[in-house]
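Heads up: the structure comes next, in structure tokens.
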Amino acid sequence: MPGPSGDTSPLPRPEETRSARVVFFAFDIAEAAQIRRIESIRSLGHEVASVSFRRDNMNARFVPDWPDLPLGPSSNRRYLLRLWRLMRAIPRVWRNRAILRGSDVCIARNIDMALLALAMRRLAGPREARLVYECLDIHGLFTRADALGAAMRWVERRVLAASDLVILSSPGFLRGYFEPVQRIATPVALLENKLWTGTDALPRPVRPPPRKPGAPLVLGWVGSLRCARSLAILAGVARHFGPRIEIRCHGNVHAHALPEFDAVLAAHRNIRRMGAYRYPDDLAAIYAGCDAVWAQDLWQAGGNSDWLLPNRIYEASYFGCPSIAVEGTETGRKVAGDGLGFTIPEASAGALATLLEALGPDRLRAVSSGLLARPAADFRLTPGELAGRLAPVLPGPPGIAPSAEGRLAG
């Protein structure tokens, strides 16, 4: 099939320019990334509704201000329970199928919600509604070599065959999984995890913030905190440097993935839990307070973590903060190739400590200045870019010229 270097002819797109009705199938309506995606679609003038589960690890008080059909609680892992809840949700969606009437596009994030969207499209219609499968992670279930992995890949191939567009956040997913494993023939668009600030850009610093002489190096870990290997590496660095470093952990801690988090922090006075933050309001202060950020995800090394591009590299770069990643991963290639910061040869505390020992203030400031000199659109998703990615399935909004860049396959 055509890849990044193959056929780049335009995909079919709706002839008329108008607003559309979009229904999101959300695995967690309170997840920050899902909220950002819905808000970004609304900013283009499209009408949005959602069919959603909710998890309990973030934004517990969030209430959507768009029409939403709640399906009850979901959970991290616990796959049999999630399957049961998914099956139990079908009658509820059927009873409330009016939410689907007149929809132009259904966007489903992850395989659970794609299956639900397919089921309801066939049961309730309209059959002409286009299906978008948005895949921001390749779960470990899909890369297993056993019968369960084969079954999951078979199910996903059925979803891919029924989809009109697949949205990926990293070209690594296409090269590492969808092309060689799934032999994907569905049109694919790249929609990177860039900073979303609505139609107005957030102010950026003109120059890197000044650092106090003799102050400890501040290394940030920002976002959804779920990676045990990263925590172990940062703890090793904290022991190596002692008072010469401060590690700041900003974001929601996934307790199911990091049950030892509190114990590690209790044993290291130079690792601080900064807590959850408001997106995007608090980002400028977070990154202004860091000399660099640990950007590498190692949660599912050898698969998903090797292929993804995390949103923290775009956020940090937008505010002039260098990222640190591991060579040989998609994140490492992006950081090195685009001059976003620094890479280390292996994922270890020793390798990270060696790099940090060599990073003087002048070198960090030079990289920071270079990032701040870059166009904001390198790191921030614009309405035009979003419209261009979704052009195959959504009409372009009036007054916004869609960008055609970022299409991986046609």
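Quick notes on this one:
- Single residue of region 136-149 satisfying the filter (in a loop (DSSP other than H, G, I, E, B) and within 24 Å of Ala30 (Cα to Cα)) that is nearest to the chain's Cα centre (by Cα): Leu136
- Any chance Arg363 is closer than 27 Å to Glu39 by Cα, over 21 Å from the mean Cα position of the chain (by Cα) and either surrounded by fewer than 18 Cβ atoms within 10 Å (Cβ to Cβ) or hydrophobic (A, V, I, L, M, F, W, C) (or both): no
Per-residue answers, yes or no, for (1) modelled with pLDDT under 95; (2) buried (at least 17 other Cβ atoms within 10 Å of the Cβ):
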| position | (1), (2) |
| --- | --- |
| Arg158 | no, no |
| Ile167 | no, yes |
| Leu174 | no, yes |
| Phe178 | no, yes |
| Arg183 | no, no |
| Ala189 | no, yes |
| Thr199 | yes, no |
| Leu202 | yes, no |
| Val206 | yes, no |
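- When we screen Pro171, Pro180 for residues that are within 14 Å of the chain's Cα centre (by Cα) and of a type outside the set (Asp, Glu), the only hit is Pro171.
- Any hit, region 245-259, residues being touching a His at 6+ places or on another chain (Cβ under 7 Å) and of a type outside the set (D, E, K, R): no
- Those strands (runs of 3 or more DSSP E) of region 46-135 in which 2 or more residues are more than 23 Å from the chain's Cα centre (by Cα) and assigned by TED's automatic domain parsing to the domain that holds Ser169 occupy 68-73.
- Residue check, Ala316 touching a residue at least 24 places away in the same chain (Cβ under 8 Å) and closer than 24 Å to Arg207 by Cβ: yes
- Taking region 243-301 as the range and being out of contact with any strand residue (DSSP E or B) (no Cβ under 9 Å at 6 or more places or on another chain) and either closer than 14 Å to Cys321 by Cβ or β-branched (Val, Ile, Thr) (or both) as the test, the residues that pass are Ala284, Ala285, Ala288.
- Search result, residues across region 210-238 that are exposed (fewer than 15 other Cβ atoms within 10 Å of the Cβ) and at negative phi: Pro210, Arg211, Lys212, Pro213, Ala215
Residues checked against (1) in contact (Cβ under 8 Å) with a residue 40 or more places away in the chain; (2) more than 30 Å from Thr382 (Cα to Cα); (3) of a type outside the set (Lys, Arg):
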| residue | (1), (2), (3) |
| --- | --- |
| Asn59 | no, no, yes |
| Asp65 | no, no, yes |
| Leu81 | no, yes, yes |
| Ala89 | no, yes, yes |
| Arg92 | no, yes, no |
| Val105 | yes, no, yes |
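- Matching entry among Gly328, Gly320, Gly339 (being part of a loop (DSSP other than H, G, I, E, B) and surrounded by 21 or more Cβ atoms within 10 Å (Cβ to Cβ)): Gly320
- Selection over region 251-266 of residues that are more than 20 Å from the chain's Cα centre (by Cα) and closer than 24 Å to Asp282 by Cβ gives a count of 4.
- Qualifying position, being touching a residue at least 40 places away in the same chain (Cβ under 8 Å), in a helix (DSSP H, G or I) and within 22 Å of the chain's Cα centre (by Cα), among Arg248, Arg229: Arg229
The values are calculated or read from the model by the stated rules, or taken from the named source; none is laboratory data. The model shown is predicted, which means the values in this text are computed figures rather than measured ones. Neighbour counts are summed over all protein chains in view; Cβ atoms, including those assigned to glycine, are modelled from backbone coordinates with ideal geometry.
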